[in-house]
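Below is one structure, written out as structure tokens, with a few remarks after it.
The values are calculated or read from the model by the stated rules, or taken from the named source; none is laboratory data. Because the structure is a prediction, the values reported are computed rather than measured. We place every Cβ from the backbone using ideal geometry, glycine too, and count neighbours over all the protein chains shown. With ligands, DNA and RNA removed, areas are computed over all heavy atoms of the protein, side chains included. Shrake-Rupley method; radii C 1.70, N 1.55, O 1.52, S 1.80 Å.
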Amino acid sequence: VGSAAISAVSLVDSINVLVIQAFSALAAGGAIVCAQYIGQRNKEKANESARQVLFIITAISVAVSLFCLVFQKPLLRLIFGSVEEKVMRASEIYFFYTALSFPFIAAYDSAASIFRAQDNTRGPMTISMISNVMNIAGNAIMIWAFHMGVAGAALSTLISRIFCAVVVLIQLRKEREGQEIVVRDYFKIRPNWSMIKRILGIGIPSGVENSMFQLGKIMVLSMITQFGTASIAANAVSNTIAVFQTLPGMAIGNAVLTVSAQCAGAGDYEQVKYYAKKLHIIIYGLMIVCCLGVIAALPAVLHVYSLSAEATAMTEDIIVYHGICCMIIWPIAFNLPNVLRASNDVAFCMILSILSMWICRIGMSYVLGVRMGFGVFGVWVAMTMDWVVRAIFFVLRYRSGKWQHQT
């Protein structure tokens, strides 16, 4: 439905991703605690930690959703006040429906992380696949058949996330072979503050790290709005396509976290190192295939979008550059920290990521994009400079061994 709609969804999703990444990080903190107890063969505490993960993350998500709904318009105008009025109106509509979905995506993330902690990745994958088919079909019907525009896209997202949450919570109640954690009587869960403290002790630093990372992206996006609608649209489409180049790393990153946490819980750090090396080799191989595949398919993919010639050219340059950097830097910058987090070395990961984000991603985006005139491409170069700094210091931390025995 045009560049204004693409821009609106992109702008709002930068906020949505910030919130969802915070939920995901908190859920990952819970998964680490569950996996460590599983590694210790402590089934009772593994189940109790799962109950507390569901309780605290759902409670936080409801509060965040209410805040976003109450302060919807002031929040959008504070962050994106300089955009065209047509883009702003569409942003307000999209944000309203997606904010309603926060508790459901948080519940899904929590339950899915509990499944992954006990090595069940197939269940969440199947639910997610069905949900995404529902979302795509819903988008097609509501946008093309009912002409609802961004409201249709947002409503379809809300419905699919409700489906995800309901199904995964039902699955978590069932006893079956290989499922050590079973959670029932959701409304009878009461806070266990000592367990919540441990979960948040891991989840909050990761959540702060992810949230600051996304906040940095929002601040950078505010710079991009100065470059015009073509740059905003190119950045939006590039972000969507770029995700496919990093998919193997993000997917197997969950395995790195779970496997490392179970080994760390058992106190076997030689196994942690063994699996870290093995999984990173797999990640590099798959990312090379994925990145080259996306670059090869780029002309056909861009044909799907109704972009201007200027925005299309920008997107091509960004995706080729991003793919090259992904094949070289991304796994070390974003998967190696999962090894450290699995051993509770979360404070180092948080501090390094925040400093690198502010200095490189935000600072150099301003220098390259605004001051030196490279525009949206300069912003993406600054992002990869952040990756380089992260990769260097995470390798040094890993080699030092200081991350071990913190569980």
Mind checking which of G253, F187, L307 is farthest towards the positive end of the chain's charge dipole, using Cβ charges of +1 (Lys, Arg) and -1 (Asp, Glu) about the Cα centre? F187
Peptides 160-167, 144-151 ordered by average Cβ neighbours within 10 Å, highest first: 160-167, 144-151
Between beta-carbons, use under 13 Å as the cut-off and find the net charge around M350, counting Lys and Arg +1, Asp and Glu -1. +1
Suppose the chain between N42 and R190 were pulled fully straight at 0.36 nm per residue; how much longer would it get relative to their current alpha carbon spacing? 51.2 nm
Measuring from the longest principal axis of the C-alpha atoms of the chain, the long axis of helix 43-70 (C-alpha) lies at a number of degrees, nearest 10, equal to 30
So how do 251-262, 356-367 stack up, highest first, on mean other-Cβ count within 10 Å? 251-262, 356-367
Excluding residues on the same chain fewer than 8 positions from K402, give the aspartates and glutamates whose Cα lies under 12 Å from its Cα. D345
With everything on Cα atoms, drop me the angle between helix 193-224 and the longest principal axis of the chain, reported from 0 to 90° to the nearest 10. 10
3J(HN,Hα) from dihedral phi, segment 140-151, Karplus parametrisation 6.51/-1.76/1.60, rounded to Hz, x for glycine, proline: 4, 5, 6, 7, 8, 7, 9, 6, 8, x, 5, 4
Under a 1.4 Å probe, what is the accessible area of segment 213-301 per residue, stated in Å²? 41
Label zone at Y274, where the point sits 7 Å out along the Cα-to-Cβ direction: segment 134-178 residues whose backbone N lies under 15 Å: none
Formal net charge of residues neighbouring E209 (Cβ-Cβ distance under 11 Å; K, R +1; D, E -1): +2
State to the nearest 20 debye the size of the charge dipole of segment 1-100 about its Cα centre, where the only charges are +1 on K and R beta carbons and -1 on D and E beta carbons. 240
Do any of K174/K197; K197/K278; K45/K217; K86/K217 go past 30 Å between their Cα atoms, and which? K197/K278; K45/K217
State the answer as a single residue: which of S65, A276, I232 lies farthest towards the positive end of the charge dipole of the chain, with beta carbon charges of +1 for Lys and Arg and -1 for Asp and Glu, about the Cα centre. A276
Formal net charge of residues neighbouring A99 (Cβ-Cβ distance under 13 Å; K, R +1; D, E -1): 0
Protection proxy ranking, peptides 33-41, 274-282, average beta carbon neighbours within 10 Å, highest first: 33-41, 274-282
Skip the ligands, DNA and RNA, and give the accessible area per residue of segment 60-194 with a 1.4 Å probe, whole Å². 54
Share of segment 128-252's accessible area from carbon and sulfur, percent, 1.4 Å? 68
What's the center-to-center distance, using Cα atoms, between segment 24-85 and segment 150-173 in Å? 16
Pairwise centroid distance, computed over Cα atoms, of segment 285-351 with segment 352-384, Å: 16
Testing the spin-label approximation: label points 7 Å from Cα along Cα→Cβ at V62 and E310. State their distance in nm. 4.8
Tell me the angle of helix 122-139 to the major Cα principal axis of the chain, expressed in degrees between 0 and 90 and rounded to the nearest ten. 20
Stretchable slack from M129 to F374, in nm (0.36 nm times residue separation minus alpha-carbon distance): 84.4 nm
Length released on extending from A266 to I392, taking residue separation times 0.36 nm less the Cα-Cα span: 42.5 nm
